[in-house]
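Working notes, beginning with the structure itself.
The values are calculated or read from the model by the stated rules, or taken from the named source; none is laboratory data. Computed from a prediction, not measured in an experiment: that's the story for all the values here. Here the Cβ is made from the backbone with ideal geometry for all residues, glycine too, and neighbour counts use every protein chain on show. Accessible surface areas use protein heavy atoms only, side chains included; no ligands, DNA or RNA. Shrake-Rupley method; radii C 1.70, N 1.55, O 1.52, S 1.80 Å.
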Amino acid sequence: MEQTTRDAVLAPRTLKHIRSTAKRLARSGRIRGMDAEDIAQDLFLDLWRRCPAFDPNRASFPTFADRIIAHRAASLTASTQQAQAERRQVGIDDPVDGPDGSILADTLPDPAAPGELEHGLAIDLRRFVGSLSPALQRCCAIMAAPNIRLAAAQAGTHRSSLYENARRLRKRADEAGLRIYVAGPRQNSMSTGRCPA
């Protein structure tokens, strides 16, 4: 029974060779940023990609696999300029090329900075709250509090009137066009809870 290339790649001997080569390379520390599992995956993937080039008339598959793995291991540890540039690690406090002497952290965007949508929401919301009556502004402040019950008690407002004002606020916000900032429902309300007949 002839062994196919795919079966040969998955042969225990080939996998053992890949794992042992990966462990040896990881221990050497010559491939920065990759552990033994990463190296093994890279070696296997390279062998898998090159399987169509296997010619049984030239050599056995284990010999072919050994050569592919050896060549990939050599190219991973080769000290080429491109490989060095790819593997070079840059510290967050390292200086960046330029006349101002800034560091890398200064050039990265702040992930906590508000985006365009948040900025537009802040402007529209400020404008909306400024157009409200003092009672509705007080309702907004209570609704924005972490504990609505406590905030309502401190303001001397009964919860029923607070919720009535909240309905008015919702209607006014819809009229002001603030609904564009609210995500729609995650499911169709018409079919919620119903099984198709």
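Looking at segment 30-64 only, could you name the residues that are small (Gly, Ala, Ser), open to solvent by 40 Å² or more (accessible area, probe 1.4 Å) and either in contact (Cβ under 8 Å) with a residue 24 or more places away in the chain or in a loop (DSSP other than H, G, I, E, B) (or both)?
GLY33, SER60
Residues are listed down the side, and each one gets a yes or a no for (1) among the aliphatic types (A, V, I, L, M); (2) surrounded by 12 or more Cβ atoms within 10 Å (Cβ to Cβ); (3) assigned to a helix (DSSP H, G or I); (4) modelled with pLDDT under 85:
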position: ASP100; (1), (2), (3), (4): no, no, no, yes
position: PRO111; (1), (2), (3), (4): no, no, no, yes
position: PRO114; (1), (2), (3), (4): no, no, no, yes
position: GLY120; (1), (2), (3), (4): no, yes, yes, yes
position: ARG126; (1), (2), (3), (4): no, no, yes, no
position: VAL129; (1), (2), (3), (4): yes, yes, yes, no
position: LEU132; (1), (2), (3), (4): yes, yes, no, no
position: GLN137; (1), (2), (3), (4): no, yes, yes, no
position: ALA152; (1), (2), (3), (4): yes, yes, yes, no
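Of the residues that make up segment 76-86, is at least one exposed (fewer than 11 other Cβ atoms within 10 Å of the Cβ), under 17 Å from ALA11 (Cα atoms) and either out of contact with any strand residue (DSSP E or B) (no Cβ under 7 Å at 6 or more places or on another chain) or modelled with pLDDT under 90 (or both)?
No, there is no match, as no residue in segment 76-86 is exposed (fewer than 11 other Cβ atoms within 10 Å of the Cβ), under 17 Å from ALA11 (Cα atoms) and either out of contact with any strand residue (DSSP E or B) (no Cβ under 7 Å at 6 or more places or on another chain) or modelled with pLDDT under 90 (or both).
Can you tell me which condition ASN165 does not meet? The list is (1) at pLDDT below 85; (2) open to solvent by less than 90 Å² (accessible area, probe 1.4 Å); (3) over 21 Å from LEU121 (Cα atoms), and all the others hold.
Condition (1) is where ASN165 drops out.
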